[in-house]
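Trainee: Let me give you the structure first, and then I'll get to my questions.
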Amino acid sequence: MRAASTSVEKAVDLLFHLHAASAPEGVTAIGRALGLPKSSAHRILRSLRRRGLVERDARGRYAPGIGLLALGLGVIESEPIAAAARPVLERQADAVGETFFLVVARADHLIVLDKVEGNGFLRAAPRVGSSVPVHATAAGKLYLAYAPQRFEAARAASESRVAFTEETQTDARELEAEVERVRSRGWAVNREEWIPGLSVLAAPVMRRGGIAGVVALAAASANFEALGGEAQSERVVAMAREIGECLDGRKVAP
């Protein structure tokens, strides 16, 4: 049983590695990156390729396969909050021209569950499926404010507060003060604390049982300020409220 688990873990590690890679990679490079013998990497890739989870180009390099898209869409379609949020995200991305995210907590991690990009030239990271740091993002601050027990370990551990940029908040007392401000006003902002050049404003999607997720507006910092910066809080809070009402059956999804 342990050998089977190890094989699965290696396959999952390989998929995540290809997902993060900026370009297709050969077997040797993949094996070196994951500490696998070339024969083992080749065997795992062959199995994944048969199921469409990886694809091989004409030069023998590997990249994520179309099968992952089907799996990912299946996960999104099975999430009620994603179904409720998608039309709201699309409508606002079209109106504002910037990117809107939906972030949820799953297995003690914050994950980008869905994303709709605007028509602006600059596309805002992160990608769907990306894990979001708790202390350095607007979504993370909202979860610390409204569901602190879920991320108590990350909140308390100094090693979790990685300085991604010069703007990252790493001081425990200052982070606590910011979380209190977030709780009192009902929304959070992140100005280049995680990704250089990217500013985000987010609001919690609340249900009767507490916070269900976070909706966020993300834009290049110059564009964010041109939109009015924190003045966009009214828009994002209204989006979050609409999604929450759909989830609780108080409003029919558009």
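The values are calculated or read from the model by the stated rules, or taken from the named source; none is laboratory data. Every value quoted in this text rests on a predicted model; they were computed, and no experiment measured them. Positions of Cβ are generated from backbone atoms using ideal geometry, with glycine treated the same way; all protein chains shown enter the neighbour counts.
Trainee: Considering only the range 89-105, state which residues are touching a strand residue (DSSP E or B) at 6+ places or on another chain (Cβ under 8 Å) and not in a helix (DSSP H, G or I).
Mentor: Residues of the range 89-105 that are touching a strand residue (DSSP E or B) at 6+ places or on another chain (Cβ under 8 Å), as a first pass: 89-90, 92-93, 96, 98-105.
The answer is 98, 99, 100, 101, 102, 103, 104, 105.
Trainee: In the range 173-223, which residue that is buried (at least 18 other Cβ atoms within 10 Å of the Cβ) and free of Cβ contacts under 8 Å to residues at least 40 places away in the same chain is farthest from residue 113 (Cα to Cα)?
Mentor: 178
Trainee: A further question on this structure: Tell me yes or no: at least one residue of the range 1-19 is touching a His at 6+ places or on another chain (Cβ under 7 Å), aliphatic (A, V, I, L, M) and within 18 Å of residue 64 (Cβ to Cβ).
Mentor: Initially, the range 1-19 is screened for residues touching a His at 6+ places or on another chain (Cβ under 7 Å), giving none.
So far as the range 1-19 goes, no, none of its residues is touching a His at 6+ places or on another chain (Cβ under 7 Å), aliphatic (A, V, I, L, M) and within 18 Å of residue 64 (Cβ to Cβ).
Trainee: State yes or no: is residue 45 of a type outside the set (Val, Ile, Thr) and modelled with pLDDT under 85?
Mentor: Answer is no for this residue.
Trainee: Filter the range 10-42 down to residues that are over 13 Å from residue 62 (Cα atoms) and assigned to a helix (DSSP H, G or I), then give me how many there are.
Mentor: Initially, the range 10-42 is screened for residues over 13 Å from residue 62 (Cα atoms), giving 10-13, 32-40.
Right, trim to assigned to a helix (DSSP H, G or I) and you get 10-13, 32-34, 38-40.
Residues in the range 10-42 being over 13 Å from residue 62 (Cα atoms) and assigned to a helix (DSSP H, G or I): 10 in total.
Trainee: Now, a different point. Within the range 169-182, can one find any residue that is modelled with pLDDT of 95 or more, over 13 Å from residue 139 (Cβ atoms), in a helix (DSSP H, G or I) and of a type in the set (Gly, Ala, Ser)?
Mentor: No, there is no match, as no residue in the range 169-182 is modelled with pLDDT of 95 or more, over 13 Å from residue 139 (Cβ atoms), in a helix (DSSP H, G or I) and of a type in the set (Gly, Ala, Ser).
Trainee: Looking only at the range 185-204, which residues are β-branched (Val, Ile, Thr) and not in a strand (DSSP E or B)? If you could, list the steps in order and put the result at the bottom.
Mentor: Initial filter on the range 185-204 (β-branched (Val, Ile, Thr)): 189, 195, 200.
195, the sole residue that qualifies.
Trainee: Across the range 224-240, which residue is surrounded by the fewest Cβ atoms within 10 Å (Cβ to Cβ) among those that are touching a strand residue (DSSP E or B) at 6+ places or on another chain (Cβ under 9 Å) and acidic (Asp, Glu)? Let's see the steps before the verdict.
Mentor: Taking the range 224-240 and keeping what is touching a strand residue (DSSP E or B) at 6+ places or on another chain (Cβ under 9 Å), we get 224-227, 229-230, 232-233, 235-240.
Pick out the ones that are also acidic (Asp, Glu) and you get 225, 230.
Numbers: 225: 13, 230: 15.
The qualifying residue surrounded by the fewest Cβ atoms within 10 Å (Cβ to Cβ) is 225.
Trainee: Let me ask something else. Suppose we keep only residues that are among the β-branched types (Val, Ile, Thr) and modelled with pLDDT under 85 within the range 71-112. Which one would you say is surrounded by the most Cβ atoms within 10 Å (Cβ to Cβ)?
Mentor: Here is the first cut: in the range 71-112, the residues among the β-branched types (Val, Ile, Thr) are 75-76, 81, 88, 96, 99, 103-104, 111-112.
Those still in the list that are modelled with pLDDT under 85 too: 75-76.
On the way: 75: 13, 76: 17.
Looking at residues that are among the β-branched types (Val, Ile, Thr) and modelled with pLDDT under 85, I get 76.
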